[in-house]
Every structure is written in structure tokens, then in C-alpha cells.
There are 2 protein chains.
Amino acid sequence: MSEHFQEFFLHILLQLAVIISAARIGAWLLGKLGQPQVVGEIVAGLVLGPSVLGRFEPQVLEYLFPNDATIVFRALSELGLVLLMFLIGLEFEFKHLRKVGKTASAVAAAGIALPFLLGVALAMWMHTLLAIDANRGGFVLIVAVSMSITAIPILGRIMIELNIQRTPLGTLTITAAAIDDALGWILLAAVSAMIHGGFEFWGIARMTLLTIGFVAACLFVARPVLRSGADTLMTLGNGDLSVVGLSAVLVTVFMAAAATNVIGIFSIFGPFVLGAVLSDHHDFREAVGRKLREMVHALFLPIFFTYTGLRTNVGLLETSRDWMLCGLVVAASMTGKIFGCGAAARLGGLSWRDCGCVAVMMNTRALMGLIAINVGRELGVVPDQVFSMLVIMAVATTLLTMPALRLLLTDRP
Amino acid sequence: MSEHFQEFFLHILLQLAVIISAARIGAWLLGKLGQPQVVGEIVAGLVLGPSVLGRFEPQVLEYLFPNDATIVFRALSELGLVLLMFLIGLEFEFKHLRKVGKTASAVAAAGIALPFLLGVALAMWMHTLLAIDANRGGFVLIVAVSMSITAIPILGRIMIELNIQRTPLGTLTITAAAIDDALGWILLAAVSAMIHGGFEFWGIARMTLLTIGFVAACLFVARPVLRSGADTLMTLGNGDLSVVGLSAVLVTVFMAAAATNVIGIFSIFGPFVLGAVLSDHHDFREAVGRKLREMVHALFLPIFFTYTGLRTNVGLLETSRDWMLCGLVVAASMTGKIFGCGAAARLGGLSWRDCGCVAVMMNTRALMGLIAINVGRELGVVPDQVFSMLVIMAVATTLLTMPALRLLLTDRP
């Protein structure tokens, strides 16, 4: 019915107005506390969910975000992520990568391995202690993956906010984070496949090969074509993106997202690689930024944060044992990331202070970790209680990044 | 399930890539034939629907546009329309309005009344001839409204393409079209209310008063506040829209849309009024255009056209009687609009040639007419066969606008 749709659309309009306003208010308030804008936007998203708004004003939550709008919301949130990953890819600086490739790989590997192992140990114990009736292997793997994830989009925004995304330190970290991100998704997809369809070695091997093939094709085959395409678009729009230019960019980004979606490593990986491939085309990068950045940051990103906040309920932790376990989850994930990455960076020859920066940044899990946790919940292996602990872990590590980083950077020579 | 969503999202990505590409190809092809870009985009939308793609490649259509994606699609389409109407409102020139107010009103009134009366007569006859079992009154009113609508967003784009939107002729027409648009929606909403809940005089009166109240409040109360708000945003962003600035604009636009949605005259009317109120703030208008125009025209508008195309099937006309009736619908709607508007413009003192321009432009029904037709179908009073005739009428009048207008404008002194 048309009238039904009009009422449905009224909800969408009100939702968007509330989400956009909340994101700006959150960014402003947490900005006062020295946090980056993005943390304020994340917190605003959590506040709009059942954890805060749903606790105090459940009717308002129910009215603002009825269930039938979820699919629109989720699609908008994922579209925003696709566009954001493309923008972050465009900011990628490959020229640093040649120098620090080895260290970045070591940091990435240690940053996945150590928290993963700690996560496995902790989760095995929790599975018995909490008498969780979900599949033991599935539960353990999902908890471990959630603890090992590094959040590249948010890390990228934090770096841009501190203006260190183009320094060697920034590049090392974003490179390591990018590797971890890819590894994290591959791990997550592999774990999903394992849980979902039993252990299937060839499926995982095939996916890994396809991912490597996709990246190689982008770097070595598509790059010259895309670069000359970008040149043409810039000429067509007189140094800016016309409607035709923006259309071409959007279609290419969506096709890259579709490619990695088909491979099975989620849609956001392709746009990142695509952006990275075009990152040394200065004029193109600037033109794309002018047309997309504000729209993505003002409209799409707050939707993504709110969507994730809506699925999060930290009100489920009630006993002191719950909180103690939650503290252990936070401690284990931070210990794993910080020691793993810090040690690898030190072995790579960085100063102690730079090691600290890398470790603290790699410790940012933010809402990418939440995606992993959500996947676990949807697969039916993470009970709501543990879900909330993992959410607290993801937010706590993110909240910590900026103050720690500022502390490390301010008394730099 | 997360995996289910990933598959669903793959469809969204492919849909968007196809829609954006089709719109550009359509615009390019029909541009070769002297049509404005927008007509090519409309035709691309129809081609992607059951009328063409569904006729020749039903499996491709079924794969690309499965039913469960419809709601996402419809929401995106409506959001795009909301943003577009705001941009068109911003292009509004009030200073011309003072001079031509009377003529514009006369053109608007005649442009609604004559096609409406012809529509009523034709529809009454068709109801008997085709032995339509839907409610007679409802069928007659919906057909008549569909024939009386003038499509302001598309008209706006045609004018921008011919660069006549700021001439007195352009302003007269866009003003008359704006009045007709509002009248059309009020009429449509009133008709919907009548069909849906029986004849309810006070409901209609209340809605009309609220609409007038909304416009008056925007013009006389909100205007100074909004103007100084726009000043603040421009200062904040150093003459451009920052993330904060764009957020404020989007929230205000969505709230204006929500206001008219609540009144019951559909969401797109509010943003148009809001844009019109701010149309004399030159810097603000330019800044908004830079951040939104390409995005709206490249991404959102093609979605709107495709969404409407998906609901259209011109393949339902089979017998020669069907085609004769279709011809009558087209003829009656064109006669009503062209003679009505042309005569009123002539009485207002315009030259014969300008009268022709006004009449031809007011005759553009485009996809706004289709919305009315779709409402009728959803209300259950327009059978699929008549639906398709009305669609052909809407597209035919739109296709005719540009060649006729060019003919009238080129041999101008």
C-alpha cells in the first residue's frame, strides 16, 4: 500500500534526522574530551541502541527504529562502508610500503596470532565456566577472531584526524592494519564456513587463492586501465568529477565490492583495494574526495554506527562474575595486540615510542570487531551475554587509542 | 543470517551498477536524438523494467531485481526525490514571481482544470466500455488526476538543460508547475483519502489548511532563521559545506520532508518549499549544489527512474481497441494541458510563441504522473491495462517536450 509506504518512509526520514544529529552531537561532545570525531559517532550509535535509549526510553526506540526498517538501514550502512573503504584506499601510500613491507608483515602477523591464541585459551575456559550450549569450536573461534581484528576504517579516520596518515609510521600501521583486516575477514569467513558447513579445506583454500588473485589482478592488470580511465574522467569534468565521472566511479566501486562479495571475503575489501590502486593519482583522489567525502561522513557513516549500535545491548551484564569475565576479555585482547604488535615493531627496528604508537593503533578494534561478533551471533554460537562483553572490548580498545596516542605523540622530539 | 544478507547485498551492488550505467547510456543515446539527459534516464528506467528487459530476458530481470530488494530500492528512490526536490527548490527565483503571479495562477488553474475534466469524461466512458469492476468514482478520479499532473522535477531539469530556468518565461512556467504540482498532490491525496476511507470533507479541508500553514510558516517564520543558519554554515566551512554543514542541511531537509509527510501531501513537497525559501542565498545554493548535485543525479535519480520502470509494463496492450483507447488518453491529456495552459498564458498577455512554450512545458507529466498512477494501482482502482495506457501517456508527453520546445525556441528573434 502506498499509504503504508508513506508511513514507513516517515520513519526513515525521522531515523536519518536523528542519526545524523546524534552523530554530530556525539562527535562534538567527545571532541571536548579529546577523542576523535569518529569515537563520538560510534558512541552516538551505541546510545541510540538498546544499551542506552532502549534502557531508558524503550518506546522511543521502538517508534524510531521499528523492525521492518532494518533491511533498508542495513543496506544503507553497508553501502556507506563500501564508499568509505574506497576513500580510505585512495589515501593509501604505496611508496612507503616498499620500505616497511617486512616490518608491516611481522606486525600484522603478530597482531593476529597473539590475541588469537589468547582468545582461544580464554574462550575455551569461558565455554566451560558459563556452560554455554553452543558449539564449542565455533564459539572459541568467533571469540578469538573478534579479539584479533584491527579496524582499518576507523584507524584511517583517527590517522587523518591526527594528520599522520602519510608519515612512515602511519603507513606502516595502516599497511599492517590492512593486512590484518584482510586476514581477519579471511579468518572470519573461514570460521563462518567451518561453523556453517562443517570443516571444508578446499573451500577455504579456494577463497584465499581468489583473494590473492583479485589483489594481483587489481595491482598488475586493472591498474593501467583504471589510471587512464581516471585521466579521461578528469579531462571530461575539467579537473572535477561530472555526473558521468561520478557515475563511472560509483559503478567501478560497486563492481569491485561485488567481486569480493562473490569471492566470499565481504563487500568492503574490493573498494579498499580499488582505492589503493588509484591512490597515487593525486587529482583524481582530490576530485573524488570533494564529491564523496562529506556525503559519506555526514550521511552514510553515522548510519553504519547506528545500525551496529542497534544490535548491541550492554545491559545484559548483571553479576560481578560477568563483569570480571568482561574485564578478562578486554585485558586478553589488549595484551595480545599491544605486546604482539609492539614486539614485532621493535624487532623491525622502530624506536620504543614508535612501537608504542603502532601497538596502540593496532589495538583499535572499533566496530569492525563488532561485525565479527555479529556474524558469530547470527551463526548462533555467541550468546547475548558474551556478545555484550565483546562489544565492550571493541569500544574500550577504541576509546583508549586516542588518549594513548596523543600521550605518545605530544612529547615526541 | 549474515550470509543471506551478503547475497542480498550482492544484488543491491549489481542493481546499482546496472542502474547507474543504464542511466548514463540512456542519457547518451537519447542525447544523440536531441532529447534532454533526463528523458534518456527515464527511458533507461523503463527498459530495465518488465516492459523491455522483462519481455526479452525475464530471467535477467528476476535475477537483478528480486522482490525482496524492492523496499530498499523504493526507500532509496524516495530519498533521492527528496534531495532532488530540495535542489530544484533552491533554483527557484522568487523575484520573478511578483510580476507574473497572476498569469502563473491562471496557467496553473487552467492546466489542472481542463485535463481533469477531459479525464473525468474519458474515464467514465472507459469504465463502462472496458467493464472495469473497480469502484467507478475511484477509477475516474485517479485517471483524471494522472492526466492533470505537471512534473516539476523533470521540468526543472529540462529548463536547466536549455538554460531558461531563470528567464521570466522559465519562472512563469516553473511557478505554474509548482502550483500544479502542489495542487496535483493535494488532489491525489484527497482522492486517495476518498477512495480509501470514503468521502471525508473535513479531512481534506484540514490537509489543505495545514499545507497552506506549512508554506506560510516556511516563508514568514522559518526564513530568517534558516538564512542566518545558512550564513553560519558557510562561515563554518569557509565558504563550503563541511561535514557539520552538510549534516545540518540533510537534517533540515529530512525534517521538512517529514513535516509534509505527516500533513499527508507526500514527503517531496516540504524539501521543495525549503529549497525555495533559501533560493536567494547565492553562496549557500552553490555550496549545496557542489556537495549534492552530482551525487543526486548520478546515484539517486536513476534509482528513482528504475524503480518506477520496474512497476511499469507496457506489454499489456494487445488489441487494437487497447491502442485506440491509449491514443485517446494521450490525446485528451495533451489537449487539456496545451489548450488550457496556452489560453491562460495568452490571456495573461504572452506572445503566441511564449504561450506555446508554456503549454508544451506544462504538458510534461513524466514520472510524477506515474506516481499518481501507481497510487491508483495500489488503491486497487486502476487495472493493469489502463495503468499501462497512463504510463504511455506520461512518457509520450515527456518525450514530446524537448523537440517541440527546441522548435519554438530556435526561431525566436
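The values are calculated or read from the model by the stated rules, or taken from the named source; none is laboratory data. On a predicted model such as this, the values are computed, not experimentally measured, just so you know. FYI the Cβ positions are ideal-geometry reconstructions off the backbone, even for glycines, and counts take in every protein chain you see.
Assorted remarks:
- Residue match in the range B:382-391 (condition: closer than 18 Å to residue B:187 by Cβ and buried (at least 18 other Cβ atoms within 10 Å of the Cβ)): yes
- Residue list for the range A:38-58, restricted to those being over 20 Å from residue A:387 (Cβ atoms) and either modelled with pLDDT under 85 or of a type outside the set (D, E, K, R) (or both): A:38, A:39, A:40, A:44, A:56
- Selection of first residues in the range A:392-403 that are under 11 Å from residue A:333 (Cβ atoms) and of second residues that are surrounded by fewer than 24 Cβ atoms within 10 Å (Cβ to Cβ) and at pLDDT below 85, restricted to Cβ pairs under 8 Å at least 6 apart or on distinct chains, gives the following pairs, ordered by first then second residue: A:392/A:314; A:392/A:317.
- When the residues of the range A:287-337 are filtered to those that are over 14 Å from residue A:396 (Cα atoms) and surrounded by fewer than 16 Cβ atoms within 10 Å (Cβ to Cβ), the one that is farthest from the other protein chains (Cβ to nearest Cβ) is A:320.
- Residue in the range A:223-236 that is in a helix (DSSP H, G or I) and at the interface with another protein chain (Cβ under 10 Å from one of its Cβ atoms) present: no
- Any hit, the range B:194-215, residues being among the small types (Gly, Ala, Ser), at pLDDT 80 or above and part of a helix (DSSP H, G or I): yes
- Residue that is farthest from the chain's Cα centre (by Cα) [pool: residues in the range B:353-394 that are away from chain A (no Cβ under 14 Å) and polar (S, T, N, Q)]: B:385
- For residue B:251, the test of being touching a Ser or Thr at 6+ places or on another chain (Cβ under 6 Å), at the interface with chain A (Cβ under 10 Å from one of its Cβ atoms) and not in a loop (DSSP other than H, G, I, E, B) is passed.
- Top-ranked residue in the range B:4-23 [being more than 7 Å from chain A (Cβ to nearest Cβ) and more than 22 Å from the chain's Cα centre (by Cα); ranked as farthest from residue B:73 (Cα to Cα)]: B:4
- Residue within the range A:262-274 that is more than 8 Å from chain B (Cβ to nearest Cβ) and over 20 Å from the mean Cα position of the chain (by Cα) present: no
- Only one entry of B:120, B:140, B:145, B:107 meets the criterion of being touching a Phe, Trp or Tyr at 6+ places or on another chain (Cβ under 8 Å), assigned by TED's automatic domain parsing to the domain that holds residue B:336 and at pLDDT 85 or above, and that entry is B:145.
- Scanning the range A:305-356 for residues that are within 21 Å of residue A:140 (Cβ to Cβ), outside any helix (DSSP H, G or I) and polar (S, T, N, Q) yields a total of 0.
- Some residue of the range B:269-290 being assigned to a helix (DSSP H, G or I), basic (Lys, Arg) and either within 30 Å of residue A:239 (Cα to Cα) or outside the structural domain of residue B:121 (by TED's automatic domain parsing) (or both): yes
- Contacts under 6 angstrom Cβ, first residue in the range B:155-180 being buried (at least 24 other Cβ atoms within 10 Å of the Cβ), partner of a type in the set (Ser, Thr, Tyr), 6 or more apart: B:155/B:364; B:177/B:150; B:180/B:150
- Among the residues listed as B:40, B:54, B:26, B:80, the single one being within 23 Å of residue A:303 (Cβ to Cβ), within 26 Å of the chain's Cα centre (by Cα) and more than 10 Å from chain A (Cβ to nearest Cβ): B:80
- Restricting the range A:282-326 to residues that are over 15 Å from the mean Cα position of the chain (by Cα) and among the aromatic types (Phe, Trp, Tyr), the residue that is farthest from residue B:240 (Cα to Cα): A:323
- Test: residue A:246 is aliphatic (A, V, I, L, M) and in contact with a Phe, Trp or Tyr (Cβ under 7 Å, 6 or more places away or on another chain): no
- When A:33, A:10 are checked against the criterion of being surrounded by fewer than 24 Cβ atoms within 10 Å (Cβ to Cβ), farther than 25 Å from residue A:405 by Cα and of a type outside the set (Val, Ile, Thr), a single residue qualifies: A:10.
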